[in-house]
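Chemist: Dropping a structure here in structure tokens format, bear with me for questions.
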Amino acid sequence: MSLCPRCGVDIGDAASCPLCGLVPGYETPATAMPHARNLVDLTASVQPPSRARHLFVAELITVSLAIAALTVFLVDLLTGGGISWSLYPLAALGFIWLSLCPLIMATKRKILGLAFTALAPFAFLLALDLINGDINWSLRLGLPIAASVELSASFATFVSLRSRRKGLNLLSFGLLAIAFVCLSVEGVISLWLGGPLRFSWSFIASSALVPIAIFLFYAHHRLAADATLRRLFHV
């Protein structure tokens with residue numbers, strides 16, 4: 001039995017394929033397996049574009065969080081006769097949505113998505129404070145601490161991305177950011193308690209972190225400048 005290499009039809013003793021007209025023995029690699037190539041092209045054509053995939057992921061997250069929020073709301077309403085404790089998980093679910101979905105959907109405007117993600121912790125802390133009936137601790141305690149964490153994380157991320165050669169310097173930037181957060185947390189707490197600005201445990205922690213960060217930064221650039229040391233440490 002003789003088969004056509006292009007369409008797979010049994011051509012028997014015929015000089016050419018009765019379906020496609022191909023003469024056996026004169027096919028080229030491009031024409032011998034057109035079905036495989038067409039299958040690859042078809043598979044690529046049915047793949048959704050990047051924005052469509054992002055919107056689909058955001059839709060899945062939104063539907064999942066909405067189902068969870070509705071469940072929590074109904075359980076609180078039916079068992080307690082009102083809305084009380086469910087406000088806390090509802091605020092948490094809203095925080096998750098605001099942190100993820102705008103960033104996923106903003107495929108062309110990443111700055112806008114990052115802005116929503118950065119604002120999500122502040123909105124969450126304000127919501128938790130408002131649930132208690134009044135804005136008390138969020139403005140003087142929660143928001144300043146959240147701002148210090150985001151500021152230090154932004155600094156570490158920015159300098160890491162701008163670094164031409166990445167290695168031990170990334171650990172150095174991270175340790176400096178942690179030291180700044182420690183100082184900020186203790187400073188904000190001391191002011192919130194009504195006392196003077198004091199640093200005790202945060203100063204001790206920073207005194208341990210900063211020298212290590214400086215050493216790692218030095219080691220990173222020293223290894224980069226010395227080929228012998230790079231071979232010694234396998235970097």
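Chemist: Let me confirm something: among LEU114, LEU100, LEU141, LEU93, which residue is under 15 Å from the mean Cα position of the chain (by Cα) and in contact (Cβ under 8 Å) with a residue 24 or more places away in the chain?
Modeler: From the options LEU114, LEU100, LEU141, LEU93, the qualifying one is LEU100.
Chemist: Can you tell me which residue is surrounded by the fewest Cβ atoms within 10 Å (Cβ to Cβ) among those in the range 160-169 that are assigned to a helix (DSSP H, G or I) and over 18 Å from the mean Cα position of the chain (by Cα)?
Modeler: Selected residue: ARG162.
Chemist: Here is a follow-up. Please go through the range 112-137 and pick out each residue that is farther than 16 Å from LEU98 by Cβ and part of a helix (DSSP H, G or I).
Modeler: ASP129, ILE131, listed by residue number.
Chemist: State whether one or more residues within the range 36-47 are closer than 25 Å to THR107 by Cα, modelled with pLDDT of 75 or more and assigned to a helix (DSSP H, G or I).
Modeler: Checking the range 36-47: not a single residue is closer than 25 Å to THR107 by Cα, modelled with pLDDT of 75 or more and assigned to a helix (DSSP H, G or I).
Chemist: Go through (1) more than 23 Å from the chain's Cα centre (by Cα); (2) surrounded by 13 or more Cβ atoms within 10 Å (Cβ to Cβ) for GLY133 and report which single condition fails.
Modeler: It is condition (2) that GLY133 fails.
The values are calculated or read from the model by the stated rules, or taken from the named source; none is laboratory data. Remember, predicted model here, so these are calculated numbers, not experimental data. So basically every Cβ, Gly included, is an ideal-geometry build from the backbone, and we count neighbours across all protein chains shown.
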